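Working notes, beginning with the structure itself.
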Amino acid sequence: MAREKKNKPKKKRWYSYLADAYRVSKQTYPWAPWALLGGMLAGVLIGVIGGIATGQWIIWVLIGIMLGVTLALLVLVQMVKRASFAQIDGMPGAVGAVLANIKRGWVIEQEPVRFNVRSQDMIYRAIGRPGIVLIAEGPSERVNRLIADERKAIKRVAPSAPVQVVKAGNGEDQITLMKLEKHIKRLPKVMSHDEVAAVSARMKAIPTNTLPIPKGIDPLNARPDRRAMRGR
């Protein structure tokens, strides 16, 4: 029993997650310390103004400090979120890392359903109330063939299911990684929950690529650290 306790990894404290978030942000944005300091000073300044206006310095100083800490944490959350996506942007499988964060109400294939070995272009499939959503990773024009192949396969098993296409990337007609999750969740809902379950069951009849995701990124490990982003 004593040996098991010694081998058991120590639980990380909340400040450890803050430190991790800070390191991730500073690695991508060297000016991160100044941004955090700016958020802190903004809150303190509000407290000073409130103290001058009301004469109640003690209360407003405390409010200013708490507000400054809150603003600094909000700035840190946004920076670590952007930094996390910036670090995986352009890597094969980056879309999978984003989709791994979408849970409730969606049935998502964790691995691409279509994959081009040579170009490393890939198509992911998500099923939710907006219908069947195909998320393409790769140059906009080059992924059209993969999209067409997947559309044909879907039509054979679920001809009436609505299909929407989202192209991820930094091109004119593409959605950036930073906005991808929000974009997918905001797609118009056209199916009921029962229809989602029925379509999902039919999709299992479509054979998918048996090739693994190319080396360079593991979506399950590369997705942004949600606890670090929340400052916990």
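Per residue of region 124-135, what does 6.51 cos²θ - 1.76 cosθ + 1.60 with θ = phi - 60° give for ³J(HN,Hα)? Whole Hz please, x for Gly and Pro, Karplus curve as stated.
Per residue, the Karplus-derived 3J(HN,Hα) values read 9, 10, 10, 10, x, 4, x, x, 8, 10, 9, 10 Hz.
Exactly which trypsin sites (Lys or Arg not before Pro) in region 123-185 are in a DSSP loop and have at most 15 other Cβ atoms within 10 Å?
R142
About its Cα centre, how strong a charge dipole does region 7-117 have in debye, to the nearest 20, once Lys and Arg get +1 and Asp and Glu get -1 at the Cβ?
It comes to approximately 480 debye.
So what's the net charge close to G138: Lys and Arg +1, Asp and Glu -1, counting the other residues with Cβ under 12 Å from its Cβ?
+2
So which of K26/K81; K155/K182; K155/K189; K81/K167 end up more than 18 Å apart by C-alpha? Each step should come with its number before you reach the end.
Values: K26/K81 12 Å; K155/K182 27 Å; K155/K189 20 Å; K81/K167 21 Å.
Listed pairs above 18 Å: K155/K182; K155/K189; K81/K167.
Relative contact order for region 1-160 using alpha-carbon pairs under 8 Å, separation at least 6, rounded to a whole percent?
Relative contact order comes out at 14 percent.
Below 17 Å, Cα to Cα, which aspartates and glutamates can K204 reach? Residues fewer than 8 away in the same chain don't count.
E109, E111, D149, E150, D194, E195
Through the Karplus equation 6.51 cos²θ - 1.76 cosθ + 1.60, θ set to phi - 60°, convert the phi angles of region 162-171 into ³J(HN,Hα) values in whole Hz; use x for Gly and Pro.
Those phi angles translate into x, 10, 10, 10, 10, 9, 8, x, 10, x Hz.
Can you list the residues, at least 5 places off or on another chain, whose amide H is less than 5 Å from the amide H of V113, using H built in the peptide plane?
I123, Y124, R125
Out of residues 5 or more away from G131 or on other chains, whose amide H comes under 5 Å of its own, with H placed 1.01 Å from N in the peptide plane?
So G131 has HN proximity to V190, M191.
Since every read-out is calculated from the coordinates, none of them should be taken as a lab result. Small disclaimer: the values here were computed from a predicted structure and weren't measured. Positions of Cβ are backbone-derived with ideal geometry, glycine not excepted, and every protein chain shown enters the neighbour counts.
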